[in-house]
1. Need one number for the protein assembly as shown: average projected area of the convex hull over its C-alpha atoms, nm².
2. If one takes the longest principal axis of the Cα atoms in chain B, at what angle in degrees, from 0 to 90 and to the nearest 10, does the Cα axis of helix B:2-18 lie?
3. Report ³J(HN,Hα) in whole Hz for each residue of the range C:69-79, in order, from the Karplus equation J = 6.51 cos²θ - 1.76 cosθ + 1.60 where θ = phi - 60°; Gly and Pro get x.
4. Between 0 and 90 degrees, rounded to the nearest ten: what's the tilt of helix B:91-105 against the longest Cα principal axis of chain B?
5. Through the Karplus equation 6.51 cos²θ - 1.76 cosθ + 1.60, θ set to phi - 60°, convert the phi angles of the range B:203-209 into ³J(HN,Hα) values in whole Hz; use x for Gly and Pro.
6. Under a 10 Å cutoff between Cα atoms, tell me which one of C:Asn88, C:Asn172, C:Asn184 has the largest fluctuation in the Gaussian network model of chain C.
7. In vacuum, with every alpha carbon of the range B:2-221 counted as one equal point scatterer, what does the Debye formula give for log10 I(q)/I(0) at q = 0.07, 0.08, 0.09, 0.13 Å⁻¹? Two decimals, please.
8. Can you compute 3J(HN,Hα) from phi for each residue in the range B:42-59, using the Karplus curve 6.51 cos²θ - 1.76 cosθ + 1.60 with θ = phi - 60°, rounded to whole Hz and x for Gly and Pro?
Amino acid sequence: MHWNSFSDFIAMGGYGLYVWGSFGVTALVMILEPWLVRRRHRLTQQRLARQLRAEAKLEQTP
Amino acid sequence: MLGIVTHTIARDLRLALRRPADLASVLFFFIIVASLFPLGIGPELELLRQLAPGVLWVGALLATMLSLPRLFADDHRDGTLEQLALSPNPLGLMVLGKVIAHWLVSGLPLALLAPVLGLQFDLAPDALWVLTLSILLGTPALSGIGAIGAGLTLGLRGGGVLLSLLVLPLYIPVLIFGAGAVDATVSGLGPGAHLSLLAALTVGGVAFAPWAAAVALKIALE
Amino acid sequence: MSKQQIHWFKYSAPSTFYPLAGRLIPWFWGLFAITALAGLWIGFFVAPTDFQQGEGYRIIFVHVGASWMSMFIYLVMAFWAGMGLAFNTRLSGMMAQALAPTGALFAFLSLWTGALWGKPMWGTWWVWDARLTSELILLFLYMGFIALTHAIDDTRRADKAGAILALVGVVNIPIIYFSVKWWNTLHQGASVSLTKAPSMAAIMLWGMLICAIAMWMYTIAVALMRVRSIILERERHTDWVRELLASR
């Protein structure tokens, strides 16, 4: 362990901005992308289910 | 076999000559782009001489691309393309003919015009020669690669912008060796290596691109 | 042989692949979590400070993985595209389309982290080095693929046109890379030489490798999630999708 304190860890020996800028944006992308993909999947399922129900209704009413 | 190629070239040239305004607009585009750069940068001859190879080559690149959307579009609209695709002759040869015709009405005039524009940038005579030669050698590859893009985007809305998005990254090697040849002449290194590589790109591009473009056309026509 | 073929074709049918992908996704997320934690732990707490670059070199743990993945995903995408062209399997085109956005994101991350690494090390955000320039062009190629496949409404044509573009791109990537490299060596005066890699301790290499594996697992998980959406959208008129939606 070569970090003496938490602030030491954040400072990254003076490179904090660059190191955390890299890891931060990477983390952001790797959180946002799955979230968006999940959302798309949910919305697709809802939309298709709604269409299906509408079609079924249309068939029932003569 | 060769008959299809020459027949397509003759036919496309006839069609192109029937509408000389299209040809002229490509050339004027090249002239205007090349003339805008000194106005944007400033009139220092030393700087212009350094920028000339890149500017003229990028201008030629964009001008070649300008006429690409029309490469197959007219034949597609009047149904000729579908007939050609159904005929027993290999579609790749027809595309090869169209690529050569496209080069004859865009690449060749651009190459002949380039040295005149090079004068605006105060290029030395030997650099002007190499500029012409490099554009002559490089533009067939541009027409070939462009045909793939034109086939892929055939009939799509907004096809023109999409076409440039697809094709420009693939043009980078041609740009590098083409502008590099002129650059090397200006700096006294000699353009030999660049021109050979440019010729290799053109041979490869003209040999393979028509077949890829033919597959793209068949998909677009399905 | 014939048994294996049946197996293969069974899972290349969207109706069987959809539930299979759904079952696999949590496993890949789990593997991702384990490898990511291990990689970050090695990267931040085990790997020693670099004697040349100080703590700044730790960007390597995310940068190298992102660069590898951006290139590797393009190859995998082109592989699926080629499979789709050759065997006319529906799933191949969907896989290619599911991979492209993730590949583009990794290309972006590679450029972003590269810039943040370059600033303190070479004093500039960007140099026209062969590797950086090629990565930028790779991002353009991804953008072209995504733009083309989204511009075509007919999914069959979109798959095939995208496949040709991806294959043309794969043929061109080495040509582009070597031309940029050649161009770069001729203009060496203006740029910084990046060929000398910092001497790397074995533990740094391990951290890098594990982080790259984590990104790999991430890619598989996200691509499987995305391909499930694509399958649903494209197969919405089939019976199995109707049953699936009705049972919800």
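1. On the way: hull surface 129.6 nm².
Seen from a random direction, the Cα hull of the protein assembly as shown projects 32.4 nm² on average.
2. Roughly 70 degrees, rounded to the nearest 10.
3. With coefficients 6.51, -1.76 and 1.60, one gets 4, 4, 6, 5, 4, 5, 5, 4, 4, 5, 4 Hz.
4. Its long axis makes an angle of about 40 degrees.
5. The phi angles translate into 4, x, x, 6, 6, 9, 4 Hz.
6. Between C:Asn88, C:Asn172, C:Asn184, it is C:Asn172 that shows the largest mean-square fluctuation.
7. The Cα Debye sum returns log10 ratios of -0.22, -0.28, -0.36, -0.72.
8. Running phi through 6.51 cos²θ - 1.76 cosθ + 1.60 with θ = phi - 60° gives x, x, 5, 5, 4, 5, 4, 4, 5, 7, 3, x, x, 4, 5, 5, 5, x Hz.
Every number in this text was worked out from the coordinates using simple rules, so none of it is lab data. Note that the structure is a prediction, hence the values are computed from the model and not measured. Heads up, the Cβs are rebuilt from the backbone with ideal geometry, glycines too, and the neighbour counts pull from every protein chain shown.
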